[in-house]
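Input: a single structure, listed below in structure tokens.
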Amino acid sequence: MSANAHAGVTVIYCDGHRCHALRRAGGSEAPADYVGAVREAVRSSRNAVLIRAGCLGACHRAPALLLLSSAAGGRPALIGPIETPRHRQAVVDLIREADLPLR
């Protein structure tokens, strides 16, 4: 593996009916509407990818997303509910950490 290799992360956010409604319940600036912050973290990364999906089938954890990171062996991590600014920041931090060079 080269010295410049990065782990990267794939972020799949649920845009199914329940997740979408819960993200928008408080308006576009609601703490649960984490998509904008996630989008910016992905844009500023080297290897992250953002995917909008239909229902992920995790309505009991809505609003939710899946993180796939080669640093974690590619195993998906279901994260949710994302309801507070602290939750949103934790997701952004995970994306940034996954973008760090592999050692």
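The values are calculated or read from the model by the stated rules, or taken from the named source; none is laboratory data. Since the model is a prediction, treat every value here as computed from it, not as a measurement. Reconstructed Cβ throughout: ideal geometry from the backbone, glycine too, with neighbour counts over all protein chains shown.
Restricting to region 44-68, what's the tally of residues that are outside any loop (DSSP other than H, G, I, E, B) and either crowded, with 17+ Cβ neighbours inside 10 Å or touching a residue at least 12 places away in the same chain (Cβ under 8 Å) (or both)? Number satisfying all stated conditions: 11.
Looking only at residues in region 22-44 that are modelled with pLDDT of 90 or more and of a type in the set (Gly, Ala, Ser), which one is farthest from Ile82 (Cα to Cα)? Show your work before the answer.
Taking region 22-44 and keeping what is modelled with pLDDT of 90 or more, we get 35-44.
Add one more test, that the residue is of a type in the set (Gly, Ala, Ser), and what stays is 36-37, 41, 44.
Values: Gly36: 13, Ala37: 12, Ala41: 16, Ser44: 21 Å.
So, considering only residues that are modelled with pLDDT of 90 or more and of a type in the set (Gly, Ala, Ser), the one farthest from Ile82 (Cα to Cα) is Ser44.
Restricting attention to region 46-84, the residues that are at pLDDT below 90 and not hydrophobic (A, V, I, L, M, F, W, C) add up to 10.
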